[in-house]
């Protein structure tokens, strides 16, 4: 390697200055004081709006439920005015649905990586009826059985839980997904539950026994939504693979 550029030798006065600095203790330069930057505090004219994470509509009462962070906002579909705000949810509210008889609202969410919960609200007076706790991560999906007696919740903990709406108690846990459960739907007879998951599958479950009846693994990426046709003979699902798939489902939903 060729030698670098030849440097000039230090002058005697420069050497003397360096020696004096070393003899004095070789102290670093004096600390530079940083001036605090003062910025004006501007108060917003209106309260910041919270994102809408999910929506449900109750035709009989012409009521819209908007899921937001920490609360659910109920608005009149006719006037668009806020009828009531249901507060107290911890974390994001990710899913909402009304009971078949229109008496209750179910809302679910939680804190990611910490816990998940669902809440049952009385629409008559806005009081909290039950809190369903048991998921170890945030809940992203929920569905109420056609007879209104059972609630199904699915979370990022890869579990599906079935709850007794009358008592608030957990009935059973359905395990089998290897990813978050983003979508749930009961068949109209209430005997079969469908679930859409981040593991790229849609599964069919026997509600009475909790057994898995079938796994539909054709999707190529995460599945976010699932729904039965009104007659229960077909199942529709969609997700990240930008496809909507329709399956013919037998009475037993077996493989």
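Numbers for the structure displayed
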{"quantity": "For percent of Cα pairs over 34 Å apart, calculated from these coordinates, the label among (1) 13; (2) 29; (3) 35", "calculated": "(3)"}
{"quantity": "Residue among 73, 36, 169 with the largest mean-square fluctuation in a Gaussian network model of the chain, springs linking Cα atoms under 10 Å", "calculated": "36"}
{"quantity": "The chain: angle of helix 12-23 to the longest principal axis, Cα-based, in degrees nearest 10", "calculated": "60"}
{"quantity": "Label-point separation, residue 79 to residue 173 (7 Å along Cα→Cβ), nm", "calculated": "4.6"}
{"quantity": "Most mobile of 14, 218, 120 in a GNM of the chain (Cα contacts under 10 Å)", "calculated": "14"}
{"quantity": "Expected 222 nm ellipticity per residue - DSSP helices of 4 or more, -39500 (n - 2.57), all of the chain, to 500", "calculated": "-1500 deg cm²/dmol"}
{"quantity": "Ranked packing of 79-85, 139-145, 56-62, 226-232, most packed first, by mean Cβ within 10 Å", "calculated": "139-145, 226-232, 56-62, 79-85"}
{"quantity": "Pairwise centroid distance, computed over Cα atoms, of the stretch 55-87 with the stretch 222-255, Å", "calculated": "28"}
{"quantity": "Cα gyration tensor category, rounded, prolate or oblate, for the stretch 214-255 with a/c compared to 1.5", "calculated": "oblate"}
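Taken together, the values in this text are just the output of simple stated rules run on the coordinates, not laboratory data. This is a predicted model, so every value here is computed, not measured. Glycine also receives a Cβ, built like all others from the backbone with ideal geometry; neighbour counts cover every protein chain displayed.
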